[in-house]
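Any read-out appearing in this document is the output of simple, stated calculations on the displayed coordinates, not a laboratory observation. Quantities reported herein were computed from a predicted structural model and do not represent experimental measurements.
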């Protein structure tokens with residue numbers, strides 16, 4: 001198992017005077033010494049000790065500005081931005097480019113966040129690049145008193161890897177929000193920006209309304225760069241349109257401009273089977289059907305958004321739009337993302353998904369209903385305390401005959417007792433049990449289910465990661 005997930009802090013990294021590249025284990029320790037805004041409540045505003053791009057820009061300047069080495073597509077949103085980023089990357093790669101991907105969060109190990117050609121960065125390269133970024137970060141801390149964060153160091157590793165491997169294009173997923181995210185550098189050569197569906201999440205940071213959250217996501221839009229918007233609730237759509245108009249950008253949209261629509265009934269109990277899509281672009285409908293390796297109507301929408309981004313990228317370079325053949329090659333064999341309808345075992349089925357807000361839980365519930373015929377289902381659930389776990393359970397609890405409430409190793413994990421009290425009151429027809437560990441919860445679920453049953457693990461990417469380690473060893 002990879003060493004401790006991450007801890008908050010801002011002290012000096014160990015062995016501050018060393019010049020030799022750290023080992024991979026040492027690189028993880030270097031990261032743990034950095035403040036981790038993914039797990040703490042930093043001020044969401046520019047300046048020392050907060051979010052913003054100034055500190056990230058200074059760090060990259062010390063490393064020779066690796067973010068300038070390749071043109072990019074940039075993706076924000078609440079649900080589907082990681083999948084969209086990968087699908088766009090695969091489309092660009094289908095035309096022969098070496099494409100770097102920057103994704104978050106990770107499930108098994110931090111190197112998942114930095115991929116080239118769909119493959120995570122190797123341990124030795126990660127450690128070496130992290131060592132270089134950490135030395136620059138210590139210089140920055142000495143000069144300004146404002147040390148770069150965990151996420152900023154990993155972002156620097158990603159840009160360094162893309163430059164070193166001579167990536168011809170980069171697909172970047174925003175970490176949080178957009179306006180103040182470390183990926184949103186003012187001079188980033190982003191040719192297109194996409195906003196995947198916006199829903200309520202991170203309200204304590206991004207704002208309590210869809211309009212406020214969409215405004216933060218719209219912060220990645222740039223004058224002169226194309227914009228493509230995924231399907232949006234009306235309030236979010238209006239906010240995105242306002243920001244685009246202020247910049248003089250005429251966005252394209254999934255629905256009116258790009259559409260990827262499932263056209264065959266999904267085969268039951270074959271989650272690995274591709275779905276088949278009818279695709280329409282501003283140039284008209286494509287002939288025939290295109291395969292997409294990932295199930296779910298929401299993934300079809302993500303594919304349409306990715307197609308719009310790829311077309312905008314090529315148009316900025318004076319190249320023709322993507323073709324059906326390129327899309328078939330790109331999407332039909334798209335490398336899976338861990339923790340997204342992740343089939344860990346069969347007989348009975350064990351499926352892990354990081355769904356942690358209402359929108360992602362609704363998409364998961366719909367896909368489970370389409371792809372699994374199991375009549376008997378048990379939900380293994382844990383959530384971070386700052387997530388709307390009630391909304392998630394309203395979507396997922398009705399799928400199950402029982403809910404096993406457990407935990408994951410983080411102080412952010414919601415106490416299961418309060419969840420159990422609420423669930424028993426709201427869903428008295430569902431058996432509710434509190435189980436101390438994910439390993440015990442999974443063992444009990446698998447023992448209680450028939451061979452065609454389904455144990456669904458959901459509520460957090462951290463819980464999905466625990467389930468993957470338990471099942472895969």
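Figures for the structure shown
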{"quantity": "Where only alpha carbons of the stretch 84-242 are counted, the Rg and the Dmax (Å)", "calculated": "16.5, 47"}
{"quantity": "Convex hull of the stretch 342-472 built on C-alpha atoms - directionally averaged projected area, nm²", "calculated": "6.7"}
{"quantity": "Computed [θ] at 222 nm, deg cm²/dmol, the chain (DSSP H ≥ 4; -39,500 (n - 2.57); rounded to nearest 500)", "calculated": "-11500 deg cm²/dmol"}
{"quantity": "Computed over the chain: relative contact order in percent, which uses C-alpha pairs under 8 Å that are six or more apart", "calculated": "14"}
{"quantity": "Relative contact order, percent, the stretch 394-473 [alpha-carbon distance under 8 Å, six or more residues apart]", "calculated": "30"}
{"quantity": "Kirkwood-Stokes translational diffusion coefficient of the stretch 294-346, alpha-carbon pairs, 37 °C, 0.692 mPa s, µm²/s", "calculated": "259"}
{"quantity": "Largest-first principal axis extents of the Cα set of the stretch 235-349 (Å)", "calculated": "55, 33, 23"}
{"quantity": "Computed Rg/Rh of the chain, alpha carbon atoms with Kirkwood Rh", "calculated": "0.96"}
{"quantity": "Share antiparallel - DSSP beta bridges, the stretch 247-397, percent rounded to 5", "calculated": "90"}
{"quantity": "Solvent-free Debye scattering, log10 I(q)/I(0), computed from the Cα coordinates of the stretch 377-451 at q = 0.11, 0.13, 0.15, 0.26 Å⁻¹", "calculated": "-0.24, -0.34, -0.45, -1.31"}
{"quantity": "Square roots of 5 times each gyration tensor eigenvalue, C-alpha, the stretch 321-373, largest first, Å", "calculated": "25, 15, 11"}
{"quantity": "Rounded to whole Å, sorted largest first: equivalent-ellipsoid semi-axes of the stretch 260-324, Cα gyration tensor", "calculated": "25, 12, 9"}
{"quantity": "Rel. contact order, % - alpha carbon contacts under 8 angstrom, at least six apart, the stretch 82-171", "calculated": "35"}
{"quantity": "For the stretch 235-294, alpha-carbon Rg and Dmax in angstrom", "calculated": "16.0, 48"}
